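These notes are about the structure you will find just below.
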Amino acid sequence: MPYSTLLSPGRIGALELRNRIVVTAMGVNFGEDDGQCGDRAVAYHEEQARGGAGLIISGACGVMYPIGQVQPWQIAISEDAHIQGLKRVVDAVNRHGSRLAVQLHQGGLNAVDDTAAGRPQWCPSVPELARGDFIDGFLLPELESFARTGMPTYKVLTKEDIRTLVQAFAAGAGRAKEAGCDAVEVHGGHGYVPSSFLSPKTNKRTDEYGGSLENRARLLLEIVRAVRAEVGPDFPIIVKIDSREVGREGGITIDHAKVTARWVEEAGADAITVSAYHDSSQGKMHSASNIPHEPNWNLPAAAAIKQVVSIPIIASGRVEPEHADAEIRDGRFDFLAMGRKLLADPHLPRKLAEGRIEEIRPCIYCYTCVSAIYTRESTRCTVNPECGFEYAREGASRSTTRKRVAVVGGGPGGMEAARRLARDGHEVVLIEKSDRLGGTLRFASLAYAANEPLLDWLRAQVEASEIDVRLETVATPELLASLAPDDVVVATGALRSLPPIPGADLPHVLSGDEMRDMMLGASSEALKQKTSLMTRIATRAGAATGLTANLDFVRKATHAWMPLGKNVVIVGGELVGLELAEFLSERGRNVTVVDEVPRLGAGITLVRRLRLLADLGEHGLGLYPGSKDIRIEPGQVCFTDDGGEAHTAPADHVIVAKGTTGDSTQAEAFRHAGLRVHEIGDGTGVGYIEGAMRDAMEAVDVINAG
Ligand SMILES: Cc1cc2nc3c(=O)[nH]c(=O)nc-3n(C[C@H](O)[C@H](O)[C@H](O)COP(=O)(O)O)c2cc1C
Ligand code: SF4
């Protein structure tokens, strides 16, 4: 049976788990103002339990809260008053056969709430000032919010403070046990207090808590022993540690981690979660350690640590269940903890067990969930708009009346609305003017391959339903009237017009839409005039043979041939422009990006933007935010950079990826014809995939409600 190892029961100390799937700790900012777990946290975790995970680990739960707090709505376990809310979570989770562990946490040098409240951050020694590019990728509103927190001050821990801290962890564990939790996870990683002591880079102490590894590990081991003493011999204790500090010279190494892991086992831990930390001053590193972009990034470290201990190892970090199944079978680790995949679809474990793999809603690695935490918002998931709103949607209306609904536009919003409507028992007609479903998600998938599983999933969901899909059909008011729908969902996307840039009408200038059409085998009058006979033949041949429908083929084929010259200037440095810049530079083009906006990367979530900008820098692209007097001429683009210097960038082709606005024209025409219209997606203002998915959910709620 596929996934039989992953789905087989497992054991952590005395704790029996129904399978080897763990919801990794994610501080999602769903707590109440006072650190309590309220309805929001309860319903969020209950959904994960319903979805079938064996063990659910809570997000970082403050043992000294509010001291050491990292999020405005972080959960806490620093007072007896916190027990009651936690008990509700445990009961809800246990009801569905899952177990709950609480992650014990003190944020130390990452405790932004300490800084915001004017408290010093707890640390082993005053940290060095790191000078990375982290802040360079922030947009201005993000910078303002970041600056509002203020400058950190530090509390270098005395031995008395260390005793207080150790006791706080022990007391937190005691409260977790009292609340009925099934285990605790001591957070010994991610730069938080125990990790900052373990790192030779942040720990410069000269007493018995600094210097040698034995001394640096002393705090964590004292915590583990104190927790064990508090909870007794049979209560499961998991300890999370960093296997290394990525990109941080002089930081924790795998050799340190192996020794620490052995000591952690000796101190009384029942399992070890193998994670990683990084140089937080470098933007790209924020997706290169514990929340990695690269698949299986932390698995070699998990396997190395597994070799030196005899307790189970929990591994995580963009791991596919299939891969985990094989590695667990080979004895390289014992449990797979997943984060993002379970935000995207908390029912993943159940769907695996029921053989409904194609129904799993995929994570698209967009970093919306993570970036929300950086900007001090509650987590949201792009593909699962219900995430974090389960409490408000319990018993959300599923209509009792079957309605006839026309959905206009087969992009992500239209497909999602159609899928939901069909699921809820409505009769759905999905009308798309082109010859296939996908809309802007097709090009988005070409540029960023992680989007493609969502495209495939939405299409498969539509195909598996009874939706009447009408391709190559223009939705006129007359056509709609003939269908006599009760409701019409309009998901026709944004209006893209070329902004008034001098020279934008020259033949070597393509709009974002034209570029898209060219790559994906569609044709248009404008394209015919602008492209060579060779390009037209290739594009038509691609479309006729179906090759351009295969994004993987297009992705690979464009490495060999693309109808664009060597030098390309992109005017527009938002999501589409930057993704295109990466796509083209990976295909050997010499790309320059110019935009008038002061910072590049709007529309891209912070953590992904930090990575993308760093990648573009590594590719050696010319990036010019804050440009003025942009003028397109034959063979070149002239502009003045933000420092006032004039430039002339060579341009065989210019792509204008700007000028996208909402467009209600069609919706208005339908309204005028007396139809009950719900507008969703980019047509209502550009909200990208997240906006489309959320709008679809909300429109279907309204339709269901009557
Ligand atoms: C929104 C979010 C919040 C997180 N918060 C925590 C946390 O509170 N404690 C922790 O140890 N790790 C935290 N992490 C890291 C995860 O535990 C895990 O290492 C990471 O998500 C990698 O697994 P994945 O690739 O399956 O998402 C967080 C991750 C995400 C996505
Ligand atoms: S927000 Fe994006 S990265 Fe996060 S879980 Fe959802 S799809 Fe995945």
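The values are calculated or read from the model by the stated rules, or taken from the named source; none is laboratory data. All values reported here derive from a predicted model rather than from experimental measurement. Counting neighbours? That spans all protein chains shown, and the Cβs are built from the backbone with ideal geometry, glycine included.
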Next item on the list: Specify the residue that is nearest to ligand 1 (Cβ to nearest atom); the eligible residues are those in the range 337-358 that are closer than 13 Å to Trp457 by Cβ and under 12 Å from the mean Cα position of the chain (by Cα).
Entry: Lys341
Next item on the list: Sort through Glu390, Glu322, Glu416, Glu386 and tell me the only one that's within 15 Å of ligand 1 (Cβ to nearest atom), at pLDDT 95 or above and under 26 Å from the mean Cα position of the chain (by Cα).
Entry: Glu322
Check: Within the bounds of the range 381-392, is there any residue that is part of a helix (DSSP H, G or I) and surrounded by fewer than 21 Cβ atoms within 10 Å (Cβ to Cβ)?
Finding: yes
Item checked: Check on Cys61, in contact with a Leu (Cβ under 7 Å, 6 or more places away or on another chain), outside any loop (DSSP other than H, G, I, E, B), assigned by TED's automatic domain parsing to the domain that holds Arg380 and closer than 30 Å to Arg163 by Cβ -> yes
Checklist line | Selection from the range 116-126 of residues that are in a loop (DSSP other than H, G, I, E, B) and surrounded by fewer than 17 Cβ atoms within 10 Å (Cβ to Cβ) | finding: Ala117, Gly118, Pro120, Val126
Check: So which pairs qualify, if the first residue must be in the range 430-454 and within 20 Å of Val474 (Cα to Cα) and aromatic (Phe, Trp, Tyr), the second must be part of a loop (DSSP other than H, G, I, E, B) and away from ligand 2 (no atom under 16 Å from the Cβ), the Cβ gap must be under 7 Å, and the two must be at least 6 apart or on different chains?
Finding: none
Next item on the list: Return yes when Ala53 is part of a loop (DSSP other than H, G, I, E, B), of a type in the set (A, V, I, L, M, F, W, C) and either at pLDDT 95 or above or assigned by TED's automatic domain parsing to the domain that holds Ala183 (or both) and no when it is not.
Entry: yes
Next item on the list: Return the only residue of Leu430, Leu421 being in contact with a helix residue (DSSP H, G or I) (Cβ under 7 Å, 6 or more places away or on another chain), away from ligand 1 (no atom under 16 Å from the Cβ) and assigned to a strand (DSSP E or B).
Entry: Leu430
Check: Out of (1) hydroxyl-bearing (Ser, Thr, Tyr); (2) under 36 Å from the mean Cα position of the chain (by Cα); (3) in the same structural domain as Asp701 (by TED's automatic domain parsing), what's the single condition that is false for Ser482?
Finding: (2)
Checklist line | Test result for His256, more than 10 Å from ligand 1 (Cβ to nearest atom) and touching a residue at least 40 places away in the same chain (Cβ under 8 Å) | finding: yes
Note to self: Pull out all pairs, ordered by first then second residue, where Cβ-Cβ is under 6 Å, the residues are six or more apart or on different chains, the first lies in the range 602-625 and is charged (D, E, K, R), and the second is not in a helix (DSSP H, G or I).
What the structure shows: Arg608/Tyr367; Arg609/Gly601
Margin query: Quick test of your reading of the structure: Ala226 fulfils all but one of (1) touching a Phe, Trp or Tyr at 6+ places or on another chain (Cβ under 9 Å); (2) touching a residue at least 24 places away in the same chain (Cβ under 8 Å); (3) surrounded by fewer than 21 Cβ atoms within 10 Å (Cβ to Cβ). Name the failing condition by number.
Written below: (3)
Item checked: Positions within the range 475-517 being charged (D, E, K, R), more than 22 Å from Ile570 (Cα to Cα) and assigned to a helix (DSSP H, G or I), in sequence order -> Glu478
Notebook entry, point to check: Looking at (1) under 28 Å from Asp552 (Cβ atoms); (2) in contact with a helix residue (DSSP H, G or I) (Cβ under 8 Å, 6 or more places away or on another chain), can you tell me which one Leu480 breaks?
Noted result: (1)
Note to self: Residues to consider are Ala176, Ala217, Ala147; find the one that is touching a residue at least 60 places away in the same chain (Cβ under 8 Å) and at negative phi.
What the structure shows: Ala176
Next item on the list: Tell me which residues, restricted to the range 375-393, are more than 16 Å from Val23 (Cβ to Cβ) and within 11 Å of ligand 2 (Cβ to nearest atom).
Entry: Arg380, Thr382, Val383, Pro385
Check: Can you tell me which residues in the range 572-602 are β-branched (Val, Ile, Thr) and under 27 Å from the mean Cα position of the chain (by Cα)?
Finding: Val576, Val593, Val597
Margin query: Condition (residue is farther than 26 Å from Arg376 by Cβ and among the β-branched types (Val, Ile, Thr)) applied to the range 595-616: is it met by at least one residue?
Written below: no
Next item on the list: For the range 453-460, state whether one or more residues are assigned by TED's automatic domain parsing to the domain that holds Gly687 and part of a loop (DSSP other than H, G, I, E, B).
Entry: no
Note to self: among the acidic types (Asp, Glu) and within 30 Å of Gly232 (Cα to Cα): which single residue out of Glu144, Glu160 fits that description?
What the structure shows: Glu160
Note to self: Within the range 27-50, take every residue that is assigned to a loop (DSSP other than H, G, I, E, B) and away from ligand 2 (no atom under 16 Å from the Cβ) and give me the one that is nearest to the chain's Cα centre (by Cα).
What the structure shows: Gly31
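Per-residue answers, yes or no, for (1) assigned to a loop (DSSP other than H, G, I, E, B); (2) in contact with a Leu (Cβ under 6 Å, 6 or more places away or on another chain):
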position	(1), (2)
Gly132	yes, no
Asp136	no, no
Ala147	no, no
Ser196	no, yes
Gly210	yes, no
Leu220	no, no
Next item on the list: Name the single residue, out of those in the range 3-26 being more than 10 Å from ligand 1 (Cβ to nearest atom) and part of a strand (DSSP E or B), that is nearest to the chain's Cα centre (by Cα).
Entry: Ile21
